[in-house]
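Structure record follows, encoded as structure tokens.
The values are calculated or read from the model by the stated rules, or taken from the named source; none is laboratory data. Worth saying up front: this structure is predicted, and the values here are computed from it rather than measured. For neighbour counting, all protein chains shown are included, and Cβ atoms are generated from backbone atoms with ideal geometry for every residue, glycine included.
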Amino acid sequence: MSVAVAVVHGEIPEVFVAEDMDVLHWVLALRWVARADPSSMSPGTRDALREDLLAEQWADAVVTYMDHIGTVVDVYAQHDFYTEARIGMGPQELQFTPLFRDDPGS
């Protein structure tokens, strides 16, 4: 199972996790972009963000906002997500890890 992850770097980094990129764009738009202070931006930027959000152009709003604040968001489209159900496979998976391989030089 994999998830999409975004890391917004700032004084306190923010991490957003979603089931895929489409949902991640929506989460970033709603939880990051839409919470921005409109008085901190030009009317043109504010209007462009509002237009993108109302048109559900989530990714466009995120890009516009990144440009506005000069922040890059690290996005990982497919990041492994582990659940407790995978723990049961641990003993079987161990035998295939480098630590448990015989040293070919011996």
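Any idea how many residues of the stretch 13-23 are surrounded by 14 or more Cβ atoms within 10 Å (Cβ to Cβ) and in a strand (DSSP E or B)? Let's see the steps before the verdict.
Filtering the stretch 13-23 for residues surrounded by 14 or more Cβ atoms within 10 Å (Cβ to Cβ) gives 16-18, 21, 23.
When the remaining residues are screened for being in a strand (DSSP E or B), the result is 16-18.
Of the residues in that region, 3 qualify.
Here's the yes/no breakdown for (1) part of a loop (DSSP other than H, G, I, E, B); (2) surrounded by 10 or more Cβ atoms within 10 Å (Cβ to Cβ); (3) out of contact with any Ser or Thr (no Cβ under 6 Å at 6 or more places or on another chain); (4) modelled with pLDDT under 95:
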site	(1), (2), (3), (4)
His25	no, yes, yes, no
Thr45	no, yes, yes, no
Glu51	no, yes, yes, no
Ala61	no, yes, yes, no
Tyr65	no, yes, yes, no
Ala77	no, yes, yes, yes
Gln92	no, no, yes, yes
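Taking Arg31 as the residue in question, decide whether it is in a helix (DSSP H, G or I), of a type in the set (Lys, Arg) and either free of Cβ contacts under 8 Å to residues at least 60 places away in the same chain or surrounded by 10 or more Cβ atoms within 10 Å (Cβ to Cβ) (or both). Spell out the reasoning first.
Numbers: in a helix (DSSP H, G or I): yes; of a type in the set (Lys, Arg): yes; either free of Cβ contacts under 8 Å to residues at least 60 places away in the same chain or surrounded by 10 or more Cβ atoms within 10 Å (Cβ to Cβ) (or both): yes.
The answer is yes for Arg31.
Name the pairs: first residue in the stretch 1-12 and under 25 Å from Arg86 (Cα atoms) and in a loop (DSSP other than H, G, I, E, B), second residue at pLDDT below 90 and acidic (Asp, Glu), Cβ to Cβ under 8 Å, at least 6 apart or on different chains?
From residues that are under 25 Å from Arg86 (Cα atoms) and in a loop (DSSP other than H, G, I, E, B), the pairs are Met1/Asp80.
Of the residues Asp20, Asp37, which single one is over 18 Å from Gly70 (Cβ atoms), free of Cβ contacts under 8 Å to residues at least 60 places away in the same chain and of a type outside the set (Ser, Thr, Tyr)? Break it down stepwise before answering.
Values: Asp37 fails: over 18 Å from Gly70 (Cβ atoms).
Exactly one residue qualifies, and that residue is Asp20.
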